[in-house]
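Take a look at the structure below.
The values are calculated or read from the model by the stated rules, or taken from the named source; none is laboratory data. It should be emphasised that the depicted structure is a prediction, and the values quoted were computed from it without experimental measurement. Here Cβ is always computed from backbone atoms with ideal geometry, including for glycine, and neighbour counts include all displayed protein chains.
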């Protein structure tokens, strides 16, 4: 799979300043917005919170995958962020998170099946211990790509 | 053990596919064979065939949305929320082993 097709450099910040969940979501949603993925930033953030209420997005290993399926999304995208300090986040292993993948998917689901597939593949790899281990030490965009190889 | 599984989450974006991977890895470690059908945003993938269903020892549904169970009639069926697989995939398969072995 071509990870670099879905991991847009403009939507990646591995030196995030965020200290809590809201700052993480707002910062990453802002990156997606600036890079042209989002039609209505506030509407998108609202839908991310709707999903947050439905269930846990901290998948363990200090990784969280907030996501929003929303009319406010223009095209399928992922923002990636990493904070220096751990951020409190509900998770399956009870641990806080410091690496975040914010997914943006248009609600119709149309017009981006290839990209949805890339997201599904990337998500699948987050279910592998090897990927998760590598992500812990990823400092650069290239490290990130390598973790998903 | 021959396991068939279906994963499905509310948004169909991420958990569905993470759970599939986790189940496959856990099955490999426990020496089980598994096939996982995903019902997500890209539709149904890796669909279970009738023949596979006939031959399976158990069907595991791991979903937060309703999954049609019609085709699994008569099979040992385990239906759990996807969070259990996210938390402890090996624990889930281990429990299934225990249950099935007790019945024999």
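In this structure, is residue A:147 closer than 26 Å to residue B:46 by Cα, more than 13 Å from chain B (Cβ to nearest Cβ) and either touching a strand residue (DSSP E or B) at 6+ places or on another chain (Cβ under 7 Å) or free of Cβ contacts under 8 Å to residues at least 40 places away in the same chain (or both)? When the stated conditions are applied, residue A:147 passes them.
Reported count of residues in region B:19-41, each being part of a loop (DSSP other than H, G, I, E, B) and under 16 Å from residue B:63 (Cβ atoms), is 1. Reported count of residues in region B:21-50, each being in contact (Cβ under 8 Å) with a residue 40 or more places away in the chain and surrounded by 18 or more Cβ atoms within 10 Å (Cβ to Cβ), is 6. Can we say residue B:16 is facing another protein chain (nearest Cβ under 8 Å) and assigned to a loop (DSSP other than H, G, I, E, B)? Against the criterion (facing another protein chain (nearest Cβ under 8 Å) and assigned to a loop (DSSP other than H, G, I, E, B)), residue B:16 does not qualify.
Applying the selection to region B:1-15, what residues are within 24 Å of residue A:115 (Cα to Cα) and surrounded by fewer than 20 Cβ atoms within 10 Å (Cβ to Cβ)? Hit for region B:1-15 is B:10, nothing else. Among the conditions (1) under 30 Å from residue A:75 (Cβ atoms); (2) part of a loop (DSSP other than H, G, I, E, B), residue B:86 misses just one, which is (2).
Under the condition of being surrounded by fewer than 21 Cβ atoms within 10 Å (Cβ to Cβ), assigned to a helix (DSSP H, G or I) and in contact with a strand residue (DSSP E or B) (Cβ under 7 Å, 6 or more places away or on another chain), the residues counted in region A:35-50 number 1. Of everything listed in (1) more than 23 Å from residue A:118 (Cβ to Cβ); (2) assigned to a strand (DSSP E or B); (3) at pLDDT 95 or above, the single unmet condition for residue A:15 is (3). Name every residue in region B:65-83 that is more than 11 Å from the chain's Cα centre (by Cα) and assigned to a helix (DSSP H, G or I), in order of residue number. The answer is B:70, B:71, B:72, B:83.
Out of region A:53-62, which residues are surrounded by fewer than 22 Cβ atoms within 10 Å (Cβ to Cβ) and within 11 Å of chain B (Cβ to nearest Cβ)? Correct list: A:53, A:54, A:55, A:56, A:60. A count restricted to region B:16-43 and to residues that are at pLDDT 95 or above and within 24 Å of residue A:54 (Cα to Cα) stands at 12. Here the condition is being surrounded by fewer than 20 Cβ atoms within 10 Å (Cβ to Cβ), on the phi < 0 side of the Ramachandran plot and touching a residue at least 12 places away in the same chain (Cβ under 8 Å); of B:53, B:18, it holds for B:53 alone. Take the conditions (1) out of contact with any strand residue (DSSP E or B) (no Cβ under 9 Å at 6 or more places or on another chain); (2) within 27 Å of residue A:47 (Cα to Cα); (3) more than 14 Å from chain A (Cβ to nearest Cβ); residue B:97 misses just one of them, which is (2). Looking at region A:10-26 only, could you name the residues that are within 14 Å of residue A:102 (Cα to Cα) and either surrounded by fewer than 17 Cβ atoms within 10 Å (Cβ to Cβ) or out of contact with any strand residue (DSSP E or B) (no Cβ under 6 Å at 6 or more places or on another chain) (or both)? Matches in region A:10-26: A:10, A:14, A:21, A:22, A:23, A:25, A:26. In the set (1) more than 25 Å from residue B:13 (Cβ to Cβ); (2) surrounded by 15 or more Cβ atoms within 10 Å (Cβ to Cβ), the condition left unmet by residue B:88 is number (1). The set of residues in region B:19-59 that are more than 9 Å from chain A (Cβ to nearest Cβ), within 28 Å of residue A:114 (Cα to Cα) and within 11 Å of the chain's Cα centre (by Cα) comprises B:34, B:35, B:36, B:37, B:48.
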